Amino acid sequence: TSKAPDPCAKEAKAVAGKKPKKMSWKKEPAVTIDKSASYTMKLETTCGDISVTMDAGKAPHTVNSFSFLAGKGYFDHTKCHRLVNQGIYVLQCGDPQGTGAGGPGYTLPDENLKDSSIKGGKYPAGTVAMANQYNPQTKQGRNTGGSQFFLVYKKSDLPPDYTPFGIVDKAGMKVLEKIANAGAAPPDQTMNTAPNASVVINKATVGKS
């Protein structure tokens with residue numbers, strides 16, 4: 001099949017050559033956020049801006065970690081390395097290596113897995129959740145979230161094993177749809193299906209809503 005055109009090529013070309021910083025920490029940062037507040041994570045990408053409203057009360061460790069990492073510039077110039085458009089419908093980001101194997105050096109506890117929004121194994125469109133290494137067959141790999149997260153662009157059947165911590169705004173959903181409509185490349189050696197759209201997070205910022 002012919003590759004779909006890249007709707008973000010022009011913007012991606014303008015920032016080509018900028019590399020993510022190599023950073024790692026031995027332990028999760030202390031939780032310093034206001035658990036009674038909402039926070040907004042803004043992802044300025046080569047395909048458009050995506051804003052995510054995050055619930056600190058339901059996922060304090062996760063939201064605190066994103067605030068910490070964004071403040072350090074950890075996500076800046078990182079590629080969104082995976083687009084899944086069969087079975088589940090997600091764009092995965094947050095790995096400076098761009099392979100699906102990278103992380104911040106520490107892991108996060110699973111949170112908010114009993115949230116009513118994902119009841120019955122459905123992650124609604126607009127949900128932002130943590131990727132992790134949990135294996136439902138062996139039941140091994142709980143509490144293994146790091147920096148990688150996925151944005152659901154169409155309702156997806158997924159077991160409630162992935163911390164839901166945010167919701168994408170309407171403008172961000174249009175950006176996600178544009179990325180999804182460009183399709184995905186065949187699996188590479190790491191078994192990732194990269195988006196045909198050149199999705200690079202130029203800058204990520206987190207602040208109180």
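The residues of the stretch 165-209 that are touching a helix residue (DSSP H, G or I) at 6+ places or on another chain (Cβ under 9 Å), aliphatic (A, V, I, L, M) and more than 11 Å from Pro7 (Cα to Cα), listed by number, are Ile167, Val168, Val200, Ala204, Val206.
Regarding Glu28, is this residue part of a helix (DSSP H, G or I), acidic (Asp, Glu), at negative phi and over 14 Å from the mean Cα position of the chain (by Cα)? Here the answer is no, as Glu28 does not meet what is asked. Looking only at the stretch 125-134, decide whether some residue is aromatic (Phe, Trp, Tyr) and over 24 Å from Glu44 (Cα atoms). Within the stretch 125-134, one or more residues are aromatic (Phe, Trp, Tyr) and over 24 Å from Glu44 (Cα atoms). Selection over the stretch 133-154 of residues that are open to solvent by less than 30 Å² (accessible area, probe 1.4 Å), of a type in the set (S, T, N, Q) and in contact with a Leu (Cβ under 9 Å, 6 or more places away or on another chain) gives a count of 1. Remark: pairs (first residue in the stretch 34-45, within 12 Å of Ile201 (Cα to Cα); second residue part of a loop (DSSP other than H, G, I, E, B); Cβ separation under 6 Å; 6+ apart in sequence or on different chains) = Thr45/Val199.
Residue count for the stretch 175-186 satisfying the condition of being open to solvent by 80 Å² or more (accessible area, probe 1.4 Å) and either without any contact (Cβ under 8 Å) to a residue 40 or more places away in the chain or in a loop (DSSP other than H, G, I, E, B) (or both): 2.
The values are calculated or read from the model by the stated rules, or taken from the named source; none is laboratory data. If you're wondering where the values come from, they're calculated on a predicted model, not measured in any experiment. Positions of Cβ are backbone-derived with ideal geometry, glycine not excepted, and every protein chain shown enters the neighbour counts. The accessibility values were calculated without ligands, DNA or RNA, using every heavy atom of the protein model including side chains. Shrake-Rupley method; radii C 1.70, N 1.55, O 1.52, S 1.80 Å.
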